1. When you scan region 6-26, how many residues do you find that are more than 10 Å from ligand 1 (Cβ to nearest atom) and assigned to a strand (DSSP E or B)?
2. Looking for something closer than 28 Å to residue 174 by Cβ, away from ligand 1 (no atom under 16 Å from the Cβ) and of a type in the set (Ser, Thr, Tyr) - is there at least one such residue anywhere in region 37-56?
3. Sort out which residues of region 1-12 are at pLDDT 95 or above and either of a type in the set (Lys, Arg) or over 15 Å from the mean Cα position of the chain (by Cα) (or both), and write them in order of number.
4. Out of 103, 121, I need the residue that is free of Cβ contacts under 8 Å to residues at least 24 places away in the same chain, more than 16 Å from ligand 1 (Cβ to nearest atom) and either over 30 Å from residue 16 (Cα atoms) or small (Gly, Ala, Ser) (or both). Which one?
5. Only one of (1) in a loop (DSSP other than H, G, I, E, B); (2) surrounded by 14 or more Cβ atoms within 10 Å (Cβ to Cβ) is not met by residue 152, so which one is it?
6. Consider residue 224 carefully, then state whether it is among the aliphatic types (A, V, I, L, M), buried (at least 21 other Cβ atoms within 10 Å of the Cβ) and out of contact with any Pro (no Cβ under 8 Å at 6 or more places or on another chain).
7. May I ask you to list the residues in region 35-64 that are closer than 16 Å to residue 88 by Cα and in contact with a Ser or Thr (Cβ under 6 Å, 6 or more places away or on another chain)?
Amino acid sequence: MAPVITLHDIHRVYDSGEVQVHAVRGVSLELQRGDFLALMGASGSGKSTLMNTLGCLDRPTRGEYRLDGIAVAQLDRNQLADLRNEKLGFVFQGFNLLARTTALENVELPMLYGRHRGSRAAMRERARHCLAIVGLAERADHFPSQLSGGQQQRVAIARALVNAPQVLLADEPTGNLDSRTSAEVMGVFQQLNDEGITIVLVTHELDIARYCKRSLIMRDGRVVSDQPVQPRSHAAVELQKLKDAETAAQLHPSA
Ligand code: ADP
Ligand code: MG
């Protein structure tokens with residue numbers, strides 16, 4: 001099958017008058033359907049720049065990007081927005097939920113602009129379904145401030161799913177979460193990936209990359225390593241270990 005994402009010799013030079021920053025320097029990459037890529041590298045290595053390209057939020061200075069067979073460079077702004085809406089879901093480090101809006105309404109929002117726009121009842125139903133997928137059916141009417149960080153991130157994942165994207169792009173989605181909550185959130189990503197969604201996830205934590213299938217390391221705008229993750233961690237198993245350790249600590253508080 002054709003890859004869902006193809007990057008060929010992508011460059012991105014930021015030109016702010018006096019200084020030029022060559023943030024991405026010739027990245028080529030293929031992602032098959034069902035891939036789950038951890039994008040790693042030190043701060044400033046070009047991860048976010050590459051994610052902005054993948055997300056059709058920014059145009060590369062040079063090189064070719066194909067998303068689901070479509071050559072992105074040829075599209076105008078409106079076509080790009082449509083493509084983004086139809087094929088991509090975004091998850092951010094800071095959750096980016098609207099504060100005065102319930103979980104359910106936050107999840108409904110992207111449907112207003114996408115091809116899943118429908119009757120009020122149909123959209124509500126679909127948003128509920130997505131909240132159920134991330135295990136938050138019971139919290140639909142809660143506001144973000146009434147939810148834990150992990151729950152807020154799961155609402156954000158539900159929101160990213162609502163237009164049935166082929167690819168999820170997540171830039172440091174566990175960056176604000178403790179390790180147990182991170183494992184929970186990674187469990188949700190693994191479950192979605194098992195169901196066929198392709199995921200690209202930026203992280204600088206090796207522990208998080210271990211939940212992915214493939215790990216790619218960038219340095220100074222280039223790919224310096226691209227390898228399968230072996231052995232792959234499974235969030236359910238890791239969570240059980242963390243819970244067992246907590247129970248043990250409660251039984252033997254001195255330890
Ligand atoms: P990472 O996400 O890996 O930390 P970035 O892609 O954010 O890396 O940044 C890569 C390089 O590009 C850095 O040197 C950064 O300072 C520079 N950069 C990022 N965004 C811009 C911008 N909008 N204008 C100028 N330089 C930028
Ligand atoms: Mg970044």
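The values are calculated or read from the model by the stated rules, or taken from the named source; none is laboratory data. Predicted, not measured: the structure shown is a model, and the values here were computed from it. All Cβ positions, glycine included, derive from the backbone under ideal geometry; neighbour counts span all protein chains shown.
1. Result for region 6-26: 8.
2. no
3. First, pick out the residues of region 1-12 that are at pLDDT 95 or above: 3-12.
Hits for region 1-12 are 3, 4, 6, 7, 8, 9, 10, 11, 12.
4. Numbers: 103 fails: free of Cβ contacts under 8 Å to residues at least 24 places away in the same chain.
After ruling out the rest, the residue left standing is 121.
5. (1)
6. Details: among the aliphatic types (A, V, I, L, M): yes; buried (at least 21 other Cβ atoms within 10 Å of the Cβ): no; out of contact with any Pro (no Cβ under 8 Å at 6 or more places or on another chain): yes.
No, not satisfied.
7. Passing the criteria: only 35.
For (1) surrounded by fewer than 16 Cβ atoms within 10 Å (Cβ to Cβ); (2) touching a residue at least 40 places away in the same chain (Cβ under 8 Å), each residue gets a yes or a no:
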| position | (1), (2) |
| --- | --- |
| 98 | yes, yes |
| 125 | yes, no |
| 128 | no, no |
| 144 | no, yes |
